Amino acid sequence: MKRLGVNIDHIATLRNARGEKHPNPVFAAKEVIKLGADSVTIHLREDRRHINDLDTKEICALNKVLVNLEVSMNSEIIKKALKYKPNYICIVPENRKEITTEGGLNLKDNYKKLKEIIFKFKKSNIRTSLFINPNLNDIKLSRKLNVDCVEIHTGKLANYVKSHKNFSSELNRIKKSSKLASKLDIEVHAGHGLDYKTTKILTKIKEIEEFNIGHFIIGEAIFYGLPKVIKDFKKIIKN
Ligand code: PXP
């Protein structure tokens, strides 16, 4: 059964636009689970542009809410993550000037650092994932790094689909990477830039077990409401 993780960072973006307390990401975390999401994703960025430390602390402390915390390799952020103890961690690359996470991690250049970080999270019994581009070398390196899961960056595929370009090579890369990961006993997730159409395309890859979707869900919910949007995604993911 494929799972849906809802990224609620942009609830905090909206809250921060006013510098007040509404809309509240902690309420959002509880609400999306009530509405059928399997987990909640938040990204504690170094520049705290959306989710902040207090949000992270409070969301990680919620009962019956599985929390997937995205973190960079920054040592201050890693320390906070170990303190707040989310259920899951996804290590992502981070660049202060980017609008959003633009690609997967460079596993080769960061191998030693990642090995140390993954060891710490796994010692704390936190399911650990690496956000990677869809290529076979990175899957093999992920195995060597001993992670539980990989999240495949689907941004490129999403851009091709949205601009009506041929996406078959990119989809094939995602398919092959997912198959190898699964064969090597690494759980496969997918995320970034996903909407109804791209998610539907990816559901054909049986190895993908979890989708983490944020911006489109929150944006679409402005028009149709979270209950409908989450329900529609669950339906797509189930089929
Ligand atoms: N997965 C990861 C690892 C991400 O970094 C992001 C963006 O923060 C997402 C999923 C969600 O991407 P989007 O907001 O484009 O759906």
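Of Lys162/Lys197; Lys156/Lys197; Lys64/Lys206; Lys165/Lys231; Lys140/Lys162, which sit over 19 Å apart, Cα to Cα?
Correct reply: Lys64/Lys206; Lys165/Lys231; Lys140/Lys162.
Which one, Ile51, Ile42, Ile201, has the greatest fluctuation when you compute a Gaussian network model over the chain with C-alpha springs under 10 angstrom?
Highest fluctuation of the listed residues: Ile201.
Could I have the simple spin-label model distance between Asp53 and Lys165, label points 7 Å from Cα toward Cβ, reported in nm to one decimal?
For the pair Asp53/Lys165, the computed spacing is 4.1 nm.
Name the long-range amide H neighbours of Leu130: under 5 Å, sequence gap of 5 or more, or other chain; modelled H, no Pro or chain starts.
Excluding prolines and chain starts, which carry no amide H, the hits are Ile91, Cys149, Val150, Glu151.
Of Asp195, Asp38, Asp109, which is the most mobile in a GNM of the chain whose springs link Cα atoms less than 10 angstrom apart?
Maximum fluctuation in the GNM of the chain, among the listed residues, is at Asp109.
For segment 1-157, what are the per-bin percents of Cα-Cα distances with bins 10 Å wide, up to the bin holding the maximum?
11, 41, 37, 11, 1
What length, rounded to one decimal in nm, is gained on full extension from Thr13 through to Glu46, with 0.36 nm per residue of separation minus their alpha-carbon distance?
10.4 nm
How high is the relative contact order of the chain, given as a whole-number percent (alpha carbon pairs under 8 Å, six or more residues apart)?
20 percent
With the chain treated as a Gaussian network of Cα nodes joined by springs under 10 Å, which of Phe167, Phe27, Phe223 yields the largest mean-square fluctuation?
It is Phe223.
How compact is segment 119-207 by the rule of thumb for globular proteins, expressed as Cα Rg over 2.2 N^0.38 Å?
In units of the 2.2 N^0.38 Å rule of thumb, it is 1.11.
Bear in mind that the values in this text are calculations on the coordinates, not laboratory data. A quick note: this is a predicted structure, and the numbers were derived from the prediction, not measured. In this analysis, Cβ positions are derived from the backbone assuming ideal geometry, glycine residues included, and neighbour counts consider all displayed protein chains.
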